[in-house]
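Trainee: One structure coming up, written as structure tokens, with questions to follow.
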Amino acid sequence: MSPSPDLPNSERATGGETENLAPVAFEARILALLPQLRRYSRSLTRSDTESEDLLQDCVEKALLSRSQWRGTNFRAWAYRIMTNLHLNARRFRIRHPSAITDGSEIEDLAMTSADPLESRRLMQSLASLPAEFRVVLTLVVVEGYAYQEVAEMLDIPIGTVMSRLSRARHALREKMREANIIPLRRPR
């Protein structure tokens, strides 16, 4: 994978983290963070269309609020914006229900796996986790963030991150065990 031509050499060398390096264009930081924000929005919403809307709203809000960024942890700041936008939208939908979804958004996920049934069961199990567990699991396991980074992003104590992660893993393990299909034996 070749480095992004949009980013200065100092940012390419560190994989996008530039909190302590030379100033980088605000837009370049957002562009570098887009794939991670897209995955995070997908884990929050469980819907392709809603996740794209959330991503767009987050980028727009970040660009409009660039003066509020204090130059510390850009990633945590962007994730916090997305989390707050998602929570506000969820509260709005609860107060103003307009349509009930049937969960068909889960079917839109396309995972490449040797066993499509296993992928489907995994996606259904992930989707059935409570949002706070699913978000922490996604950030730690899929995105690879450290517990402290996730705690900063979600504005929760690190102990809560560890607890939610443990509970999410346990719940996922149980859901996958419940859905386990026992192969039939061949007759003798």
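The values are calculated or read from the model by the stated rules, or taken from the named source; none is laboratory data. Worth saying up front: this structure is predicted, and the values here are computed from it rather than measured. Note: ideal-geometry Cβ built from the backbone for every residue, glycine included; neighbour counts use all protein chains shown. Only protein heavy atoms, including side chains, enter the accessible area calculation; ligands, DNA and RNA are left aside. Shrake-Rupley method; radii C 1.70, N 1.55, O 1.52, S 1.80 Å.
Trainee: Take the residues in the stretch 152-168 that are in a helix (DSSP H, G or I) and at pLDDT below 90; name whichever of them is least open to solvent (accessible area, probe 1.4 Å).
Mentor: Here the answer is Met153.
Trainee: Can you confirm whether the stretch 83-100 contains a residue that is over 23 Å from Leu165 (Cα atoms), at pLDDT 85 or above and exposed (fewer than 15 other Cβ atoms within 10 Å of the Cβ)?
Mentor: Yes, that holds for at least one residue.
Trainee: Looking at the structure I just gave you, is Arg39 open to solvent by less than 70 Å² (accessible area, probe 1.4 Å), modelled with pLDDT of 85 or more and charged (D, E, K, R)?
Mentor: no
Trainee: Now for a separate question. If Thr49 passes every condition in (1) at pLDDT 90 or above; (2) of a type outside the set (A, V, I, L, M); (3) farther than 17 Å from Met153 by Cβ but one, which one does it miss?
Mentor: Unmet condition: (1).
Trainee: Which ones in the stretch 116-151 are closer than 22 Å to Trp77 by Cβ and open to solvent by 60 Å² or more (accessible area, probe 1.4 Å)?
Mentor: Answer for the stretch 116-151, where residues must be closer than 22 Å to Trp77 by Cβ and open to solvent by 60 Å² or more (accessible area, probe 1.4 Å): Glu132, Val142, Tyr147, Gln148.
Trainee: Right, something else. Give me the pairs, please: first residue somewhere in the stretch 146-171 and without any contact (Cβ under 8 Å) to a residue 60 or more places away in the chain, second residue anywhere and among the acidic types (Asp, Glu) and not in a helix (DSSP H, G or I), beta-carbon distance under 9 Å, and either six or more positions apart or on two chains.
Mentor: The qualifying pairs are Val150/Glu143.
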